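S.K.: Next up is a structure, given as structure tokens.
The values are calculated or read from the model by the stated rules, or taken from the named source; none is laboratory data. In this text, all values refer to a predicted model and were calculated from it rather than measured experimentally. Positions of Cβ are generated from backbone atoms using ideal geometry, with glycine treated the same way; all protein chains shown enter the neighbour counts. Protein only, heavy atoms only, side chains kept; ligands, DNA and RNA dropped before computing areas. Shrake-Rupley method; radii C 1.70, N 1.55, O 1.52, S 1.80 Å.
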Amino acid sequence: MKKILLCTNSENLLEHWRECIINVYSNVIIINTEKGLLKTLDDNPESILLLDCNFFINSKDYVRSLIESYPKINILFMDDCPSFKIGKELLPLGIKGYANRRLSSIHLLQAISIINDDKVWLYPEFVQKLIQEASVVSKVEDNKDLDLLTNKEKQLALLVSRGYSNKIIALKLDITESTVKVHLRSIFKKLHVADRLSLALIFR
């Protein structure tokens with residue numbers, strides 16, 4: 001497990017983060033100065049960095065310089081009020097996650113676990129919007145990758161590609177959300193994809 005760096009000047013936020021992860025992770029380093037951050041990164045260049053958006057005046061430029069200087073660092077950028085626009089600007093820089101500073105314990109632990117494996121974690125609404133914006137949906141019948149799916153799975157996959165949530169899909173197909181999840185697991189397995197965004201990209 002990589003070192004977890006908590007980078008913030010806010011005592012309240014630091015306490016929140018510590019309460020979220022203290023019972024699971026002991027490899028935590030607290031940082032409240034730029035000098036301290038750079039020294040810690042020199043010693044731990046492959047860490048997970050929870051970076052408070054208020055730590056620097058121009059966070060975007062600083063994130064860029066951090067990733068250029070420490071390309072193996074995995075940054076979870078923690079924002080006051082996450083927005084799709086800012087997230088889209090930060091992702092191409094190489095961050096591994098984007099979330100609310102007050103992310104709940106269960107989601108923060110999930111994000112850290114995923115980022116530790118060099119994967120990307122984003123809050124569900126962000127992923128939904130990314131799918132809606134990025135996907136140019138084609139006809140299901142024309143997509144040879146979907147031949148392994150049942151008709152119901154094809155319908156469901158198409159709805160996922162359009163950015164619908166499990167709840168809306170359940171209503172549209174007149175099934176339960178639990179059934180939607182079962183179908184999704186089957187679809188992911190058959191198409192060898194890991195998440196909703198990867199599934200949506202098949203329809204591009």
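S.K.: Tell me which residues, restricted to region 71-106, are in contact with a strand residue (DSSP E or B) (Cβ under 9 Å, 6 or more places away or on another chain), of a type outside the set (D, E, K, R) and either part of a strand (DSSP E or B) or within 17 Å of Lys3 (Cβ to Cβ) (or both).
M.R.: Hits for region 71-106 are Ile73, Asn74, Ile75, Leu76, Phe77, Met78, Gly97, Tyr98, Ala99, Asn100.
S.K.: So, in region 114-127, how many residues would count as being without any contact (Cβ under 8 Å) to a residue 40 or more places away in the chain and either open to solvent by less than 40 Å² (accessible area, probe 1.4 Å) or touching a His at 6+ places or on another chain (Cβ under 9 Å) (or both)?
M.R.: Looking only at that region, the number is 1.
S.K.: Filter region 17-44 down to residues that are in a loop (DSSP other than H, G, I, E, B) and either aliphatic (A, V, I, L, M) or open to solvent by less than 60 Å² (accessible area, probe 1.4 Å) (or both) and give me whichever is modelled with the lowest pLDDT.
M.R.: It comes out as Ile22.
S.K.: Pairs under 6 Å by beta carbon, first residue without any contact (Cβ under 8 Å) to a residue 40 or more places away in the chain and closer than 15 Å to Asp52 by Cα in region 6-29, partner open to solvent by less than 40 Å² (accessible area, probe 1.4 Å) and assigned to a loop (DSSP other than H, G, I, E, B), six or more apart or different chains?
M.R.: Qualifying pairs under 6 Å: Leu14/Thr8.
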